[in-house]
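Working notes, beginning with the structure itself.
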Amino acid sequence: MPETIYTIPINEAFDKTSESETPCCPFCELYDMLENNALDAVLGAAMMEPDIRIETNRLGFCRGHFNKMYEKGNRLGLALILESHIAEVNDKVFKKILFDAKGEKSESAIEKISGTCYLCSKISGSLSKMFSNTIYIWETDDEFRRKFKKQRCFCLPHYRRLLEYGRSGLGKKDFADFFEVAKGIERKYIDSLNEDVSWFCKKFDYRYDNEPWGNAKDSVPRALDFLSGGKTER
């Protein structure tokens, strides 16, 4: 099937992870791409769009995304976002609550405004479309099926979502075939990962000093990536 704006990033991520020396999850690659695009957008032109500013004021950001916006280096852009968001917090938590002797209304207002993140919400919505599109091209594109079978692993959080979208998007027989392939990839990887982590532990025993590391040297960050998703610094 011809590539479209929806399938291009999926194919690129699956190409990259199938050729990578270090096993990694294609959906973690897609998440990083979506997150970086969203960070650039919110600190750039989108920052000045009134409807987006209303949403960023209302939802705020999690600490992780505040940190990543700060690391981008656009301090003025971030300061402008903070200026209007702090004003929103001040208005909703302090100015509008006139009678709150026990602090309960303040607690509720703070929970609403600090328990959400504009970027997390935006990225989650975009990643959901990536999962549904992945299932669609699995069903319709033989070349992508071959590419899928070359994958070395999916992190556990994304593997769960892959099965969820596969079960809802495919017929019973097609899902059985899909699950067999995905499960085979995961079982092969977790068996090898288990061996590597065990060997890493043994290498701290003096009896194994002279034995080669094999693939165990980076097994700890790979295990963290597999179990929790994301990329741990090597």
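Here is how the numbers come out for the structure above:
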| quantity | calculated |
| --- | --- |
| Sequence-distant residues sharing a close amide H with R152 (under 5 Å, placed H) | C24 |
| Computed lengthening from A79 to E12, 0.36 nm per intervening residue step minus Cα-Cα distance | 20.7 nm |
| Label-point gap, in nm, between T232 and T140 - each point 7 angstrom along Cα→Cβ | 3.9 nm |
| Segment 29-118: trypsin sites (Lys or Arg not before Pro) in DSSP coil with no more than 16 other Cβ atoms inside 10 Å | K72, K96, K102 |
| Euclidean distance of C-alpha centroids, segment 80-157 and segment 194-234, integer Å | 33 Å |
| Length released on extending from D218 to K183, taking residue separation times 0.36 nm less the Cα-Cα span | 10.2 nm |
| Surface per residue (accessible, 1.4 Å probe) for segment 1-120, Å² | 60 Å² |
| The chain: calculated mean residue ellipticity at 222 nm from DSSP helix runs of at least 4, using -39500 (n - 2.57) | -22500 deg cm²/dmol |
| Using a Förster distance of 25 Å, the FRET efficiency for T22-K149 (Cβ separation, nearest 0.05) | 0.85 |
| Cysteines (scope the chain) whose Cβ has no counterpart Cys Cβ under 4.7 Å | C24, C153, C201 |
| Solvent-accessible area, 1.4 Å probe, carbon plus sulfur percent, for segment 102-176 | 50 percent |
| Portion, in percent, of the accessible area of segment 192-234 that falls on carbon or sulfur, probe 1.4 Å | 52 percent |
| Tally of Lys pairs whose C-alpha atoms are under 18 Å apart, taken over segment 150-234, 8 or more apart or cross-chain | 7 |
| Label-point separation in nm, K72 to A87, each point 7 Å along Cα→Cβ | 2.0 nm |
| Compactness of segment 115-234, expressed as Rg and Dmax over alpha-carbon positions, Å | 17.9, 54 |
| Low-density loop cleavage sites - GluC sites (Glu not before Pro) in segment 21-89, where at most 11 other Cβ are within 10 Å (DSSP) | E21 |
| Computed E for S168/I110 - FRET, C-beta separation, R0 45 angstrom, nearest 0.05 | 0.80 |
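The values are calculated or read from the model by the stated rules, or taken from the named source; none is laboratory data. Owing to the predicted nature of the structure, the values given are computational and were not obtained by experimental measurement. For neighbour counting, all protein chains shown are included, and Cβ atoms are generated from backbone atoms with ideal geometry for every residue, glycine included. What goes into the accessible areas is simple: the full protein's heavy atoms, side chains included, and nothing from ligands, DNA or RNA. Shrake-Rupley method; radii C 1.70, N 1.55, O 1.52, S 1.80 Å.
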